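Just below is one structure, and these are the notes that go with it.
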Amino acid sequence: MTARVLVAGIGNVFLGDDGFGVEVVRRLSDVELPPWVRVVDYGVRGMHLAYDLAAAGHELTIMVDATMRGDEAGTVYVVELDTSASTAKPCLDAHGMQPDVVLNLVGLLGNKPRRVLLVGCEPSVLDHRMGLSPEVERAVDTAVGAVAGLIADHGG
């Protein structure tokens, strides 16, 4: 069965809370999901994610990442990303994982993803160390629940 939903864990585990998305998809491996859901740890492989988005035609993509919005550390949020127009400068940054850079790469590959949601978490620590801060660690299960809820809503 072709995956209708792609869940993309994004982040660098060597930069503290930037590993949030990677940890969320790791924990999702213990959750029973429908067969039409594909969960992938992309880490820092932005070009790989862009290629998958351009080639596969998923109905829904859920990116999971640590993203600074100015909220309290550990705050989890869901944001729908605008895929109608690229705002990023044309560049090929194979390790750039910011959602706008990835979506721009998809455009450069000649496609446009359908619906893209970001399940984000406000980081506390983004320095050269492994492991999540206590605030972000506590937010991982919240994010797992949010992703599972988005998948259930999409399937219904």
- Note on the structure: (1) at pLDDT below 80; (2) surrounded by 13 or more Cβ atoms within 10 Å (Cβ to Cβ) all hold for Ala54 apart from (1)
- Which pairs have Cβ atoms under 7 Å, sit 6 or more apart or on different chains, and link a residue in the range 31-55 that is of a type in the set (Phe, Trp, Tyr) to one that is part of a loop (DSSP other than H, G, I, E, B) and surrounded by fewer than 16 Cβ atoms within 10 Å (Cβ to Cβ)? Trp36/Met1; Tyr51/Leu109
- Within the range 111-146, residues closer than 23 Å to Gly70 by Cβ, part of a helix (DSSP H, G or I) and among the hydrophobic types (A, V, I, L, M, F, W, C) come out as Val136, Ala139, Val140, Ala143, Ala146
- Message: If I filter the range 62-86 down to residues being of a type in the set (Gly, Ala, Ser) and farther than 24 Å from Pro134 by Cβ, which single residue comes out as surrounded by the fewest Cβ atoms within 10 Å (Cβ to Cβ)?
- Response: Ser84
- Residue check for Ala139: out of contact with any Ser or Thr (no Cβ under 8 Å at 6 or more places or on another chain), surrounded by 17 or more Cβ atoms within 10 Å (Cβ to Cβ), modelled with pLDDT of 95 or more and of a type in the set (A, V, I, L, M): no
- Query: Filtering the range 73-99 down to residues that are among the acidic types (Asp, Glu) and modelled with pLDDT of 70 or more, which residue is farthest from the chain's Cα centre (by Cα)?
  - Reply: Asp82
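The values are calculated or read from the model by the stated rules, or taken from the named source; none is laboratory data. Keep in mind that this is a model prediction, so the values were computed, not measured. All Cβ positions, glycine included, derive from the backbone under ideal geometry; neighbour counts span all protein chains shown.
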